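The values are calculated or read from the model by the stated rules, or taken from the named source; none is laboratory data. Note that the coordinates shown come from a computational prediction; the quantities given were computed from them, not determined experimentally. Cβ placement follows ideal geometry from the backbone for every residue including glycine, while neighbour counts extend to all protein chains displayed. Heads up: the accessible areas ignore ligands, DNA and RNA and are worked out on the full protein's heavy atoms, side chains in. Shrake-Rupley method; radii C 1.70, N 1.55, O 1.52, S 1.80 Å.
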Amino acid sequence: MTDYAELFRELAIPRLVGTPNHQKVREILKRELSARGFAVDEHQFTGRPARALVGVPRTISGVNLIARPVRPSAHQPVWLVAHYDSKGQPISMAIRLVGFAALVLGFVALAFAPVPAIALLVVALIIVSQNRVTDNSPGAVDNASALIAVFMTIDQLSPGTTVGVVFPDAEEFGLVGTRALAADRPDLFADAAVINLDGVDDVGRAMALLHRPGKVGAAVAAALGARRTRWLPVIVDGIALAGVSRECVTILKGNWRTMRIVHRPGDDAARVRLDGAATVAAGLARVLRAQ
């Protein structure tokens with residue numbers, strides 16, 4: 001039986017793309033998938049990071065992990081997805097969202113109240129300028145907890161499951177891995193449902209971000225008692241995969257307190273009990289067993 005807490009501690013380490021820890025975590029994931037009877041393929045890619053990030057290379061290379069049962073069906077009807085890279089930043093996700101919101105409000109307010117608008121823009125630009133990438137966050141909630149939730153889910157399914165797993169890379173640089181995967185291997189997701197997990201905390205209510213609504217996504221949202229929405233101010237891999245799949249949903253779980261620690265050194269294994277991961281996994285397993 002897997003000791004999920006121990007595995008979590010192995011995964012929840014700073015693992016910026018291209019670092020030794022990043023490679024170490026990838027090998028751990030391959031080990032765990034192989035132990036569960038999955039054949040693992042590596043999809044190597046190179047792409048351009050998001051322009052909003054400061055101080056990053058012009059191109060980034062990474063490796064997506066694609067895992068299918070050793071005796072797969074001709075097609076995986078459902079893919080479980082969770083990115084495995086992490087990043088740190090001088091400011092948390094919460095402060096960054098405030099900064100970008102202030103930037104938008106400042107531009108809108110220019111036409112009505114120029115002086116206050118300029119002051120707001122100055123503050124916003126100071127915040128946004130801190131959108132630099134570091135390697136000082138263990139990424140426990142973002143996104144080691146979701147990786148654990150995937151393993152918890154498949155451990156509750158029968159050995160003959162046809163569910164596939166994708167662990168994308170370089171999500172933290174602007175969905176570089178999933179954009180490359182959607183471009184190079186769209187056949188993987190044709191007529192399939194994608195369930196992407198990103199940020200699974202112990203606290204807060206689950207949210208179902210319905211990129212491309214469908215029966216599986218609706219069933220997952222119902223099983224988790226999740227609040228459903230078609231938009232959130234977040235960048236997640238479901239955005240890139242929605243265009244090549246039959247349906248696509250991203251499951252998140254947390255609250256404002258969660259957002260205050262994401263991408264910060266405090267996002268470590270010590271503050272996460274994995275209760276949220278277990279709850280999400282149990283709901284997913286109930287849905288997938290019925291497929």
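Short-range pairs are left out: with C-alpha atoms under 8 Å and at least six residues apart, the relative contact order of the range 55-155 is 40 percent.
Computed from phi, the 3J(HN,Hα) profile of the range 39-45 under the Karplus parametrisation 6.51, -1.76, 1.60 (θ = phi - 60°) reads 8, 10, 10, 9, 10, 8, 8 Hz, with x in place of Gly and Pro. Taking label positions 7 Å along the Cα-Cβ direction at both ASP191 and VAL104, the computed distance is 3.8 nm, reported to one decimal. Normalised by residue number, the volume inside the convex hull of the Cα atoms of the range 128-280 is 121 Å³ per residue. Each label was represented as a point 7 Å from its Cα along the Cα-to-Cβ direction; for ALA35 and VAL70 these points are 1.5 nm apart. When the convex hull of its Cα atoms is viewed from all sides, the range 10-88 shows a mean projected area of 6.4 nm².
What the chain shows is 43 Å² of accessible area per residue, with the surface traced by a 1.4 Å probe over protein heavy atoms. In this structure the amide hydrogen of GLY199, modeled in the peptide plane, comes within under 5 Å of the amide hydrogens of ALA146, none closer than 5 places in sequence on its chain. Amide H contacts of ARG228 (H built 1.01 Å from N, in plane; Pro and chain starts excluded): ALA208 sit under 5 Å, all sequence-distant by 5 or more or on other chains. Entry for the chain at q = 0.14, 0.15 Å⁻¹: log10 I(q)/I(0) = -0.98, -1.13, Debye formula applied to identical alpha-carbon scatterers, no solvent contribution. The peptide list 94-102, 125-133, put in order of mean Cβ contacts within 10 Å with the highest first, becomes 94-102, 125-133. Per atom type, the chain shows carbon and sulfur on 59% of its accessible surface, probed at 1.4 Å. Extension gain, SER158 to ALA270: 0.36 nm times the residue separation minus the Cα-Cα distance gives 37.2 nm.
Note on the chain: GNM, Cα springs under 10 Å; of GLY139, GLY214, GLY199, the largest mean-square fluctuation is that of GLY214.
Across q = 0.11, 0.19, 0.21 Å⁻¹, the range 1-152 modelled as identical point scatterers on its alpha-carbon atoms has Debye log10 I(q)/I(0) values of -0.58, -1.15, -1.30, in the order of the q list.
The gain in end-to-end length when the ASP135 to ASN21 segment is fully stretched comes to 40.0 nm, 0.36 nm per residue minus the alpha carbon separation. Subtracting the Cα-Cα distance of ARG286 and TRP256 from their residue separation scaled by 0.36 nm leaves 8.0 nm. Using a probe of 1.4 Å, the accessible surface attributed to SER137 totals some 0 Å² when neighbouring protein chains are kept in position.
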